[in-house]
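Trainee: After the structure tokens below, expect a handful of questions from me.
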Amino acid sequence: MSSGTTNHGLPDGIASEHVDEIAGWRRHASPLSLVVFGAVVFLALSGFLGHERDWEASSNGTSLRIHQPEVIRNGEFLELRIAVESDDGIGAMAIGIDQSLWEDLTVNTMIPAATEEASEDGEFRFTFGQLEAGTSFLLKVDAQINPDFLGGNDGSVTIYDGDDALVSTTVSMQVLP
């Protein structure tokens with residue numbers, strides 16, 4: 001170190017303006033960070049960043065309830081639950097999901113697994129077998145919205161007894177960036 005330095009024993013690259021106390025507003029963190037944090041919390045609580053809901057329908061002694069996000073962001077994981085109950089029982093229960101509802105969606109798991117899977121007439125059809133009268137059935141689907149997808153999907157979910165439609169409802173999902 002040369003004898004003519006003016007950094008008062010500070011290491012090389014550190015000047016006195018780096019270590020002197022700062023006066024006024026500059027010595028505190030910016031209030032902008034608190035405003036941004038508050039805005040994110042407000043958006044999350046308002047449901048703007050994501051919102052789940054139930055769709056329900058009942059017909060022919062069979063009830064259908066679907067629980068899934070109504071508003072979701074692209075790239076996020078989601079859980080979809082389809083609950084079916086029947087007063088009379090269903091001989092060969094199948095769940096039909098319009099292909100448009102699952103477009104740009106990657107299905108990771110379905111519990112329980114269907115005994116048969118098919119794609120026909122614009123829908124994915126999953127057959128699960130007999131549903132006894134007065135019992136309930138729950139299908140849990142874990143999926144992810146593809147990261148490049150924006151906009152939304154809508155389509156119908158239909159419960160079948162063989163080829164006979166018992167009950168159906170339309171479901172929609174808005175996908176935000």
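Trainee: Return the pairs, sorted by first residue and then second, in which the second residue is among the acidic types (Asp, Glu) and surrounded by 11 or more Cβ atoms within 10 Å (Cβ to Cβ), the first residue lies in the range 27-54 and is at pLDDT 70 or above, the beta carbons are less than 8 Å apart, and the residues are 6+ apart or on different chains.
Mentor: What qualifies is HIS51/GLU70; GLU52/GLU70; ARG53/GLU70.
Trainee: May I ask you to list pairs of residues, at least six apart or on different chains, whose Cβ atoms are under 6 Å apart, with the first in the range 154-165 being farther than 17 Å from VAL141 by Cα and the second being at pLDDT below 95 and crowded, with 17+ Cβ neighbours inside 10 Å?
Mentor: Short answer, once both residue conditions are applied: ASP161/ILE90.
Trainee: Within the range 80-149, considering only strands (runs of 3 or more DSSP E) that don't extend past its boundaries, which have at least 2 residues that are of a type in the set (D, E, K, R) and free of Cβ contacts under 8 Å to residues at least 24 places away in the same chain? It would help to see each step written out before you state the result.
Mentor: Numbers: elements: 90-98, 105-111, 116-120, 123-131, 136-145.
Per the criteria, 116-120.
Trainee: Further, regarding this structure: Counting only residues that are at pLDDT below 95 and among the hydrophobic types (A, V, I, L, M, F, W, C), which one in the range 58-79 is surrounded by the fewest Cβ atoms within 10 Å (Cβ to Cβ)?
Mentor: Within the range 58-79, the match that is surrounded by the fewest Cβ atoms within 10 Å (Cβ to Cβ) is PHE77.
The values are calculated or read from the model by the stated rules, or taken from the named source; none is laboratory data. Please read all numbers here as calculations on a predicted model, not as lab measurements. Cβ coordinates were reconstructed from backbone atoms using ideal geometry, including for glycine residues, and neighbour counts include every protein chain displayed.
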